[in-house]
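The values are calculated or read from the model by the stated rules, or taken from the named source; none is laboratory data. A quick note: this is a predicted structure, and the numbers were derived from the prediction, not measured. Here the Cβ is made from the backbone with ideal geometry for all residues, glycine too, and neighbour counts use every protein chain on show.
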Amino acid sequence: MKRSFIYFSLLLLLTSTVCTQSSQNLRLHPGDSKIGNPAEVFYSRVLPSLKGKKVMLVTNPSGIGIDPDRIKKEFKEHNVTISHLIALEHGFLGLEEEFSKTPVSTDPTFQLPIFHIYKIKLSELATLIRETETIVFDVQGMGMRVYTYLTVLKRLMDQSPKGMKIVLIDHIVPTLHLGSRGDFLEKGFENFAGEFPSPVFTGMTLGEAGRFYNGEYLKNKIKLEVIPVYGYKRGMVWEETGIPWHTPSPNLPTLENARNYFSMVFFEGVNVSVGRGTTAPFIYFGAPWMKNPERLASAMESHSKKKFYFTTVYFKPTFGPHTGKICYGLRLNLVQADYDPIELAYNLMLEMRKIYPSQFQWTKWSKIYSIDYLWGSPRFRKAVEKNQDFKSFEASYQAKEKEFDNRAKKYYLY
């Protein structure tokens with residue numbers, strides 16, 4: 001009887017443990033979130049104030065573009081005319097993998113011309129802006145300079161006449177808890193993938209970045225109205241917010257892809273595939289020459305501090321580098337959200353050059369190394385080539401990060 005009671009007690013304990021573990025949430029359910037959706041504020045309070053106005057609309061499915069029918073219905077109800085549609089990198093519906101080959105096409109959703117901002121000249125953009133009265137901007141940013149949506153915002157602000165009204169529906173960016181990190185852009189390394197005057201990681205939302213740029217750099221100040229994300233507290237990681245992830249581009253379909261992008265984007269400056277054209281973009285990376293990738297995974301263990309680890313994968317990209325070829329590679333598995341993405345990328349490149357000295361190569365866009373465009377200067381590449389340890393490299397830009405923070409914090413909304 002006593003033995004049966006012990007067995008029963010153990011069984012009850014095990015069952016209780018399993019039930020407790022199975023009830024742990026991976027993330028907060030949107031229904032339990034205390035954070036307000038700024039899009040609803042736009043529709044209920046801001047859109048009615050635009051009655052009779054001509055509006056330039058810049059959005060995609062990561063913003064109010066997720067529901068084109070609602071846009072058409074509510075804009076019509078409030079007598080707001082969409083005078084111009086601006087296409088970001090992946091088009092209005094966020095489905096395009098490649099840049100459009102033409103500067104203007106017809107959008108099938110609204111039956112209006114849609115202007116591909118990366119194809120039109122800045123003077124042409126300025127003309128379009130003068131033909132409208134208000135710009136409505138709503139897309140999910142990443143909080144990184146090396147992301148085209150921030151460049152689009154900057155270009156719209158640059159080409160706007162003094163006093164132009166821009167309504168920006170803000171979003172929390174998945175890098176916000178990391179703060180500002182990295183070095184600054186040097187003259188001559190501006191490009192569509194990055195031209196904003198900030199560290200690589202801005203430490204700001206798009207709304208805050210717009211406020212910062214308007215206050216610190218713009219000569220012709222605009223009338224910027226940012227609709228904030230109510231209820232968010234700076235430092236919260238995405239999973240704590242209950243905010244659903246809406247895909248900003250085909251290669252960032254999930255939050256995992258986005259988190260890995262923070263580091264893996266730098267490998268678009270190296271002769272590897274970063275998983276574009278696979279089911280795991282920015283999660284897989286590799287190349288036909290990256291034989292025995294487990295050596296690289298093992299070498300990175302000493303740098304991981306148990307914040308991430310790598311596992312071996314094989315994949316065949318359908319586009320991008322090494323299209324149609326079997327790649328030996330690794331999968332980046334993140335464990336903690338507060339990992340340092342720059343440190344990870346830097347150490348991974350150091351180890352790759354040691355293990356594959358004759359195969360590892362920097363790639364070029366035109367005559368400039370791609371990594372120099374991504375970092376904003378040659379300093380990252382040159383430090384790797386000198387085999388400089390990360391702490392020494394990091395020390396070269398830390399003072400600039402602090403100076404930037406002191407300037408930027410007065411524009412924070414959260």
**Request:** Output the residues belonging to the stretch 338-352 that are farther than 20 Å from residue 198 by Cα and crowded, with 16+ Cβ neighbours inside 10 Å.
**Result:** 339, 344, 347, 348, 349, 350, 351, 352
**Request:** Taking only the stretch 357-387 into account, find how many residues are over 26 Å from residue 198 (Cα atoms) and either surrounded by 20 or more Cβ atoms within 10 Å (Cβ to Cβ) or without any contact (Cβ under 8 Å) to a residue 24 or more places away in the chain (or both).
**Result:** 2
**Message:** Against the condition modelled with pLDDT under 95 and over 12 Å from the mean Cα position of the chain (by Cα), how does residue 269 come out, does it pass?
**Reply:** no
**Asked** Where in the stretch 199-318 are there strands (runs of 3 or more DSSP E), lying fully within it, with 2 or more residues that are crowded, with 23+ Cβ neighbours inside 10 Å?
**Response** 199-202, 284-287
**Asked** Out of the stretch 81-127, which residues are touching a helix residue (DSSP H, G or I) at 6+ places or on another chain (Cβ under 8 Å) and at pLDDT below 80?
**Response** 89, 92, 93, 94
**Message:** Kindly evaluate residue 119 against the criterion of being surrounded by fewer than 22 Cβ atoms within 10 Å (Cβ to Cβ), out of contact with any Pro (no Cβ under 6 Å at 6 or more places or on another chain), on the phi < 0 side of the Ramachandran plot and in the same structural domain as residue 220 (by TED's automatic domain parsing).
**Reply:** no
**Request:** Determine if the stretch 371-393 includes at least one residue that is assigned to a strand (DSSP E or B) and of a type outside the set (Phe, Trp, Tyr).
**Result:** no
**Item:** Answer residue from the stretch 30-86, given it is in contact with a Gly (Cβ under 6 Å, 6 or more places away or on another chain) and not in a helix (DSSP H, G or I) and is farthest from residue 231 (Cα to Cα) among those
**Value:** 79
